[in-house]
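What follows is one structure encoded as structure tokens, with my remarks underneath.
The values are calculated or read from the model by the stated rules, or taken from the named source; none is laboratory data. What you are looking at is a predicted structure, and each value in this text was computed from that prediction instead of being measured. We place every Cβ from the backbone using ideal geometry, glycine too, and count neighbours over all the protein chains shown. Ligands, DNA and RNA are excluded from the accessible area calculation, which covers all protein heavy atoms including side chains. Shrake-Rupley method; radii C 1.70, N 1.55, O 1.52, S 1.80 Å.
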Number of protein chains: 2
Amino acid sequence: MFSDEYFMNLALQQAEIAADKGEIPVGAVIVCQNRVIAKAHNLTEQLTDVTAHAELMAVTAATHYLGSKYLPDCTLYVTLEPCVMCAGVLFWAQIGRIVIGAPDEKRGYARFQPSLLHPKTRLTTGVLADDCQELLTAFFRRLRS
Amino acid sequence: MFSDEYFMNLALQQAEIAADKGEIPVGAVIVCQNRVIAKAHNLTEQLTDVTAHAELMAVTAATHYLGSKYLPDCTLYVTLEPCVMCAGVLFWAQIGRIVIGAPDEKRGYARFQPSLLHPKTRLTTGVLADDCQELLTAFFRRLRS
């Protein structure tokens, strides 16, 4: 039951909530021992705040919940490849694992060298990538119509 | 009166407040038309939150004050070279100019390629660098003693 697809679907639900609010649909959940300890979705427009990305808010929520600045035993599931800012957040939090849905070739962290991620962070990409991408594509299609 | 040194001294005052709280002494101010619209200091320990860097909180405060996600007419003064996370924040905010005190060769943004900064952001480094560095050196000296 507790597969990567299962948790990515929860992140997708968060992304759908963002879309319903007119936000670019990106969602994230943080999981510790198969338990979701944080969930968040992009709120940059609603909060007029460039830092209100799903990943950043999920990390802040998870660290508050655990009472620790570090998340080595946690996995972040996020529907879109994190940006530079969020990669920096995940580095500082020393997150144990990152699972990404769709790639972001324009604003993603992966095109920078040396790697922005913490050397101890494990990485999985492409989980439900098509579903994650389709939500974004449909959002921008509606925006333009 | 309104020189880079003047505003960097205000950022240094913020760093000193951080040191008094037992936080790594980094301070930042954001200036718009010679007016300070945000000031902040590192609070990562007090808030148990890796995102509570001076620059990130200053950007959030400035964007709230201006009611805009973007800061193209603003200058950030920060006592230490921003990290990857904060460089990402400053990219998204499209900040007009960044003025840095001391370099951070270990955790600074500048060692990554391509540049993490927004192409329109102007950059000045080394303003009161010795004062900014000395505050950090003294802090870590005390911590070890």
Original post:
Is there any pair with a first residue in the stretch A:91-107 that is in contact (Cβ under 8 Å) with a residue 24 or more places away in the chain and within 29 Å of A:SER68 (Cβ to Cβ) and a second that is among the charged types (D, E, K, R) and open to solvent by 60 Å² or more (accessible area, probe 1.4 Å) whose Cβ atoms are under 7 Å apart and which are 6 or more apart or on different chains, and what are they?
Top reply: A:GLN94/A:LYS120; A:GLY96/A:ASP73; A:GLY96/A:ARG122; A:ARG97/A:ARG122
Original post:
Just wondering, is there one or more residues in the stretch A:31-38 that are within 26 Å of B:GLY67 (Cβ to Cβ) and of a type in the set (Val, Ile, Thr)?
Top reply: no
**OP:** For residues that are touching a helix residue (DSSP H, G or I) at 6+ places or on another chain (Cβ under 6 Å) and in a strand (DSSP E or B), scanning just the stretch B:31-49, find the one that is farthest from A:ALA61 (Cα to Cα).
**Re:** B:VAL31
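Go over the candidates B:PRO72, B:PRO114 one by one and state the one that is farther than 27 Å from B:THR137 by Cα, within 11 Å of chain A (Cβ to nearest Cβ) and surrounded by fewer than 18 Cβ atoms within 10 Å (Cβ to Cβ). Steps first, answer last, please.
On the way: B:PRO72 fails: within 11 Å of chain A (Cβ to nearest Cβ).
On inspection, the qualifying residue turns out to be B:PRO114.
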Subject >> Contacts under 7 angstrom Cβ, first residue in the stretch A:7-36 being at pLDDT 95 or above, partner among the aromatic types (Phe, Trp, Tyr) and not in a strand (DSSP E or B), 6 or more apart >> reply: A:ALA19/A:PHE139; A:ILE24/A:PHE139; A:PRO25/A:PHE139; A:VAL29/A:PHE7; A:VAL31/A:PHE7; A:ASN34/A:PHE2
Subject >> Test result for B:ALA61, open to solvent by 20 Å² or more (accessible area, probe 1.4 Å) and assigned to a helix (DSSP H, G or I) >> reply: yes
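Taking the stated definitions as given, is A:PRO25 more than 15 Å from A:VAL127 (Cα to Cα), in a loop (DSSP other than H, G, I, E, B) and within 12 Å of the chain's Cα centre (by Cα)? So that I can check it myself, show each step before the final result.
Details: more than 15 Å from A:VAL127 (Cα to Cα): yes; in a loop (DSSP other than H, G, I, E, B): yes; within 12 Å of the chain's Cα centre (by Cα): yes.
So A:PRO25 passes the test.
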